[in-house]
Amino acid sequence: MSGSEVSDAIIEQGAALLRAGRLVAFPTETVYGLGGDATNDRAVAAIFDAKGRPRFNPLIAHVADIDAASRLAVLDDRATRLARAFWPGPLTLVLPRRGDSPVSLLASAGLDTVAVRVPAHPVAQRLLRAAGRPIAAPSANRSGRVSPTTADHVRAELGDRVALVIDGGPCRVGIESTVLDLGGGDRHPALLRPGAVTREALEPLVGPLADAPAAALTDEDAAPRAPGMLASHYAPSLPVRLDATDARPGEAYLAFGPAGAAEALSLSRGGDLVEAAANLFAMLRMLDRPEAFTGIAVAPVPETGLGAAINDRLRRAAAPRPS
Ligand code: TXA
Ligand code: MG
C-alpha cells in the first residue's frame, strides 16, 4: 500500500485524535510509530505506559520539515548540513533543546537534548502536517520486543492501547532510523544507533563518528547517554543464535543468501542488504513460534553498509534477557 491509498478522512481523524491527546500508530519508512502529541505531558505519559517503557528512555519528536525542527532544537552548521542531506529520511539527530522548546520534558526524559526526526513516508508527512505539532513516536511495539513493520504487527501487540492504527502497508526500510548525537558541542558526533543512513554516508559530512559509549550498552540503571541502547532489545520470545551456518535439530533457520531447508526463511536470497533489512523484523516474528521451534539460528550477515545496523539488531535480539 502506498501513501496515496490512505484517505484524507483517515489522516484528518488521526490528526484530530493526536490533538486531543490520544495515541495513533502510523507508518514511517523505517518502522511503525506509536504517536502522541509531543507537547502534551499526558499523551507522552500514555506512550510510556502503552509500551511498558522505562521513563528514563527518551522519545523522538517527529516533525514535517527542517523549519519545524528548528522550533524544537538548536541546529548548528553541522546539523543543518545533515538535515539538508538526509531529511526527510531515516536519520534522527540528538540536538540541544531550545530554551523555548515546546516538547514535553517527559518526552526527552529530562535531558537537555531532544531527538528530532523528519520521516519520509508520505502518510507520516501528511499526518504531521495535519496535526500541526511535533509528534513523539517510539516504535509501536512493547518495550524490548521486535519493532513492527506492518499494521498487523501493531494491532497484535498494541491494538487495545491505541485509538487508531493507520495502515500504510509494509515499511520500506524495515529497521529504525540512525540516531546521531550532535548534542555535545565540540565533541565528535556519536553514532548512538546504526540505521539506514550509514556511517559511510555520514562521515564525509561531519568527520569521524564516535561510537556509543560502552556503558550505554550494558548498564541499564545508569540512565546512559543513549538510554534506549540497552543490551537486550528487539527480542523475539525464542532464543536467537548468531553466525549459524545451519540449524540444529529443533531450530528455525534465518538465512542470508539461498535458503536450503524447509524450515528456513532467507533475509535475501540474492544477498542484498537493503532487502535483508526490510525483511528482518517480519521474518523474526514469523519464525518466533515456541510451539514449533526451540530457537532461531541466524546466518552471518556482512558488517558493511546496512549490515552494521542489521547486525546491531541481531546482537540485541541474541543478548541475554533480563530475568
Ligand atoms: O525509525 C525510528 O526512529 C522509529 C520511527 C517510529 O520513527 N522510532 C524509534 O523510536 O525507533 P524508539 O523510541 O524506539 O527509539 C528511539 C531511540 C532510543 O534508543 C532512545 O534512547 C534514543 O532514540 N533517544 C531519544 N532521545 C534521545 C536523546 N535526547 N538522547 C539520546 N538518545 C535519545
Ligand atoms: Mg524501539
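The values are calculated or read from the model by the stated rules, or taken from the named source; none is laboratory data. Keep in mind the model is a prediction, meaning the values are calculated, not measured. Every residue, glycine among them, receives a Cβ derived from its backbone with ideal geometry; neighbour counts consider all protein chains shown.
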Worksheet item: From the list 118, 114, which one is crowded, with 16+ Cβ neighbours inside 10 Å and either over 15 Å from residue 183 (Cβ atoms) or in contact (Cβ under 8 Å) with a residue 60 or more places away in the chain (or both)?
Response: 118
Worksheet item: All but one of (1) within 18 Å of residue 182 (Cβ to Cβ); (2) at pLDDT below 95 hold for residue 57; which doesn't?
Response: (1)
Worksheet item: Hey, any hits in the range 81-91 for a residue that's free of Cβ contacts under 8 Å to residues at least 60 places away in the same chain, out of contact with any Leu (no Cβ under 9 Å at 6 or more places or on another chain), surrounded by fewer than 20 Cβ atoms within 10 Å (Cβ to Cβ) and part of a loop (DSSP other than H, G, I, E, B)?
Response: no
Fill in: Unmet requirement for residue 129, which otherwise passes all of (1) charged (D, E, K, R); (2) more than 30 Å from residue 285 (Cα to Cα); (3) in contact with a strand residue (DSSP E or B) (Cβ under 8 Å, 6 or more places away or on another chain)
(3)
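When the residues of the range 74-96 are narrowed to those that are among the small types (Gly, Ala, Ser) and within 11 Å of residue 117 (Cβ to Cβ), which ends up farthest from ligand 1 (Cβ to nearest atom)?
Initial filter on the range 74-96 (among the small types (Gly, Ala, Ser)): 79, 83, 85, 89.
Subsequent filtering for residues that are within 11 Å of residue 117 (Cβ to Cβ) retains 83, 89.
Working: 83: 15, 89: 10 Å.
If we take residues in the range 74-96 being among the small types (Gly, Ala, Ser) and within 11 Å of residue 117 (Cβ to Cβ), then 83 is farthest from ligand 1 (Cβ to nearest atom).
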Fill in: Residue check for residue 109: surrounded by fewer than 24 Cβ atoms within 10 Å (Cβ to Cβ), near ligand 1 (Cβ under 9 Å from one of its atoms), part of a loop (DSSP other than H, G, I, E, B) and in the same structural domain as residue 32 (by TED's automatic domain parsing)
yes
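Output the residues belonging to the range 160-181 that are more than 16 Å from ligand 2 (Cβ to nearest atom), part of a loop (DSSP other than H, G, I, E, B) and charged (D, E, K, R). Let's see the steps before the verdict.
Applying the first criterion (more than 16 Å from ligand 2 (Cβ to nearest atom)) to the range 160-181 yields 160, 163-170, 172, 180-181.
Subset that is part of a loop (DSSP other than H, G, I, E, B): 163, 166-170, 172.
Once the filter is applied, which keeps residues that are more than 16 Å from ligand 2 (Cβ to nearest atom), part of a loop (DSSP other than H, G, I, E, B) and charged (D, E, K, R), the range 160-181 yields 167, 172.
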Worksheet, complete the sentence: Of the residues in the range 131-159, those that are away from ligand 1 (no atom under 12 Å from the Cβ), surrounded by fewer than 24 Cβ atoms within 10 Å (Cβ to Cβ) and assigned to a loop (DSSP other than H, G, I, E, B) come to 132, 133, 150
Discussion item. Name the residue that is surrounded by the most Cβ atoms within 10 Å (Cβ to Cβ), counting only residues in the range 239-279 that are touching a residue at least 60 places away in the same chain (Cβ under 8 Å) and in contact with a helix residue (DSSP H, G or I) (Cβ under 6 Å, 6 or more places away or on another chain).
Written reply: 277
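Kindly indicate which of 119, 27, 88 is over 20 Å from residue 164 (Cβ atoms) and not charged (D, E, K, R). Working first, answer last.
Values: 119 fails: over 20 Å from residue 164 (Cβ atoms); 27 fails: over 20 Å from residue 164 (Cβ atoms).
Among 119, 27, 88, only 88 is over 20 Å from residue 164 (Cβ atoms) and not charged (D, E, K, R).
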